[in-house]
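Here the structure is laid out as structure tokens; the discussion comes afterwards.
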Amino acid sequence: DPRRVWFRAHKFELLLALIPALRPVRLLDAVTRLPQFTRTAGNSIRARLLTYGVGSALLLVWYISLLVLQAERGAPGATIDSFGDAVWWAFCTVTTVGYGDLVPVTISGRCAAVVLMVGGVVLVGLVVATISSWE
């Protein structure tokens, strides 16, 4: 069956079709094909890691900001009540600065914060390691 062969060979495209929020990641592939990034094999790999790492970190901040805003808006005692506040909180959290001026108070907001913390540490570590290994 040709469909089964296509699904096995195009797992990433299938994932993008099933999870539309990941579609901006497809645009990052165009950036990694720029001639400046593909001169050597090492530079190509580092450029891909750096591009996907930064892009994924920005997408993570964007989506978690939206999730936290949806959970926190209108909740009693919530300090995150605008998209600007949500983005500010997400960047402070993902960079591990954590000023403490804005905090999620709902359970779903705090669960999203945990996802942002774990994902942020992994992605920031990936980007820093990739930049450090560049020759």
Subject >> On Cα atoms only, tilt of 107-133 relative to the major axis of the chain in degrees >> reply: 40
Original post:
Leaving out ligands, DNA and RNA, what percent of the accessible area of the chain is carbon and sulfur, probe 1.4 Å?
Top reply: 68
**OP:** Would you mind working out the accessible area per residue for the chain, using a 1.4 Å probe, and quoting it in Å²?
**Re:** 64
**OP:** Hey, could you get me the Stokes-Einstein D for the stretch 9-80, Kirkwood radius over alpha-carbon pairs, 4 °C and 1.567 mPa s, rounded to whole µm² s⁻¹?
**Re:** 90
Subject >> Options Ser65, Thr40, Leu27, ranked by Cα towards positive dipole end of the stretch 1-70, top entry (Cβ charges) >> reply: Thr40
Original post:
Using mean Cβ contacts within 10 Å as the protection proxy, how do 5-12, 121-128, 104-111 order, highest first?
Top reply: 104-111, 121-128, 5-12
Subject >> Whether the chain is rounded, prolate or oblate, judged on the alpha carbon gyration tensor where a/c under 1.5 counts as rounded >> reply: oblate
Original post:
Under a plain spin-label model, where a point goes 7 Å from the Cα along Cα-to-Cβ, how far apart in nm are Val31 and Ser108?
Top reply: 3.0
Original post:
Taking only Cα atoms, what is the 0 to 90° angle, nearest 10, from helix 83-94's long axis to the longest principal axis of the chain?
Top reply: 70
Original post:
Helix 41-72 versus the longest principal axis of the chain: what angle, 0 to 90°, nearest 10, using Cα atoms?
Top reply: 30
**OP:** Per DSSP H run of at least 4 residues, take -39500 (n - 2.57); add these up for the chain, divide by its residues and hand me the 222 nm value, nearest 500 deg cm²/dmol.
**Re:** -23500 deg cm²/dmol
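The values are calculated or read from the model by the stated rules, or taken from the named source; none is laboratory data. As the structure is a computational prediction, the values presented were derived from the model and not from experiment. So basically every Cβ, Gly included, is an ideal-geometry build from the backbone, and we count neighbours across all protein chains shown. Only protein heavy atoms, including side chains, enter the accessible area calculation; ligands, DNA and RNA are left aside. Shrake-Rupley method; radii C 1.70, N 1.55, O 1.52, S 1.80 Å.
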